[in-house]
1. Of these, A:Arg72, A:Arg22, which one is of a type in the set (D, E, K, R) and assigned to a helix (DSSP H, G or I)?
2. Test of understanding: among A:Asp109, A:Asp113, which residue is under 30 Å from B:Gln55 (Cβ atoms) and of a type in the set (D, E, K, R)?
3. Please specify each residue of the stretch B:83-124 satisfying the condition of being touching a strand residue (DSSP E or B) at 6+ places or on another chain (Cβ under 8 Å), more than 22 Å from A:Cys14 (Cβ to Cβ) and among the aliphatic types (A, V, I, L, M).
4. With B:Ala99, B:Ala105 as the choices, which residue is farther than 18 Å from A:Asp109 by Cα, in contact with a Cys (Cβ under 9 Å, 6 or more places away or on another chain) and facing chain A (nearest Cβ under 8 Å)?
5. Starting from the stretch B:47-73, keep only residues that are closer than 19 Å to A:Met9 by Cβ, then list their pairs with residues that are aromatic (Phe, Trp, Tyr) and within 10 Å of DNA strand C (Cβ to nearest atom) whose Cβ atoms are within a distance under 8 Å, requiring at least 6 positions of separation or different chains.
6. Taking the stretch A:11-32, which residues are facing another protein chain (nearest Cβ under 7 Å) and modelled with pLDDT of 85 or more?
7. Looking only at the stretch A:74-96, filter to residues that are over 16 Å from the mean Cα position of the chain (by Cα) and closer than 16 Å to A:Cys34 by Cβ; which one of those is nearest to the other protein chains (Cβ to nearest Cβ)?
8. Looking at A:Glu116, A:Glu110 in this structure, which one is within 30 Å of B:Arg66 (Cα to Cα), part of a helix (DSSP H, G or I), more than 8 Å from chain B (Cβ to nearest Cβ) and not aliphatic (A, V, I, L, M)?
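The values are calculated or read from the model by the stated rules, or taken from the named source; none is laboratory data. Please read all numbers here as calculations on a predicted model, not as lab measurements. Cβ atoms come from the backbone with ideal geometry, glycine included; neighbour counts cover every protein chain shown.
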2 protein chains.
Amino acid sequence: MPTPLDPDMFDPVCPSTLMPLRFADKWAGMVIRCLEQGPRRFSELRVPLRSVSAQSLTTSLRHLRRDGIVVRTERPGPERHVEYALTPLGQSMLPVIEALCAWSADHWDELLDAREASAGQVRT
Amino acid sequence: MPTPLDPDMFDPVCPSTLMPLRFADKWAGMVIRCLEQGPRRFSELRVPLRSVSAQSLTTSLRHLRRDGIVVRTERPGPERHVEYALTPLGQSMLPVIEALCAWSADHWDELLDAREASAGQVRT
DNA sequence: CTGTATCCTCCAAGATACTG
DNA sequence: CAGTATCTTGGAGGATACAG
C-alpha cells in the first residue's frame, strides 16, 4: 500500500514541475546530442536533422541559447562562419539525454507494440 | 575537432528520433512519478497535480495507457473505484524520469539565471 | 552560408458545465 | 467518484520565399 501523495510533491516553484518544459521542444534533445563532440555549424546540424526546417532549427537554437545551454560564436573571416557549442550547463545535460535515448532504443518496440495492441481498446 | 556528423544519426526509423514525443505531454512525467510507489486513484493524482484539469489528466492517462505505460483497473464494489498503475514498461521509465528531475533540481537555478542574463541579448 | 519573414495548420491544454 | 462534452486560445512546427 503506497503512502498518501505529498500535495507539495510538485509545488509550482519546484523545479521538477518545470522539468518537462525543455523537452517539449521537439529538436532540443537531438541538437544537444549533435553538439556532444564539439562545436557545429548551422548547416552541419541540418545534416542529421534532415527533416528540420531552417526556421524550426533557428527557433530551437534561440531557446537553447536563451536558457544558457548553447552558445553561438561568429568567427571572423571572408566568408560567414557561425558555430554553436554546448555550455557547461548544456554538457551537464548529456548524461540525461543519453539515458533518454537509451531507454528509447531499448523499449521503443514495446511501446509501439502496446500502442498497436490497444488500438480500439483505448480511445484516442 | 569533431568528426563529421552521421547523416543517419537520427534516421526517421531510429527510436531516438521519436524520443521526445512521450515528453511532449506536459503531465506524463509527473503522473509516472506519482505512480512510483503503487496504484493511485484518479482523485489521488489530482492532489499533487493541483493545476491539472480533469480533462487534461484524462487525456494524459489515455495516452499513457495507449502506449502501455499505465494500466487502468476498475475494482468492483458498491462505490466506484478506479486505479491506475505502472506497467513493467512504465516502471522501466522511472530511472530516466528520476534522472530528469534530478537534473532539474540541480541546475534549474542556473537555467533561470541564464535566461534572465540573456534577456535582450537573445530574441524570443 | 545563416538565417528572417510570412502564412498556415494542428494539437495541447485550460475553462466550464454536465453525467452515471 | 470518475470522468465526458464543448469551446476556446496559444503556441509549436512546417512550407515557402526572400535577404545580407
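1. On inspection, the qualifying residue turns out to be A:Arg22.
2. One residue alone meets the criteria, A:Asp113.
3. Residue satisfying the conditions is B:Ala85 alone.
4. So the residue among B:Ala99, B:Ala105 that is farther than 18 Å from A:Asp109 by Cα, in contact with a Cys (Cβ under 9 Å, 6 or more places away or on another chain) and facing chain A (nearest Cβ under 8 Å) is B:Ala105.
5. B:Leu49/B:Trp27; B:Val52/B:Trp27; B:Ser56/B:Trp27; B:Leu57/B:Trp27; B:Ser60/B:Trp27
6. Once the filter is applied, which keeps residues that are facing another protein chain (nearest Cβ under 7 Å) and modelled with pLDDT of 85 or more, the stretch A:11-32 yields A:Lys26, A:Gly29, A:Met30.
7. Ranking the candidates gives A:Glu83 first.
8. Answer to the check: A:Glu116.
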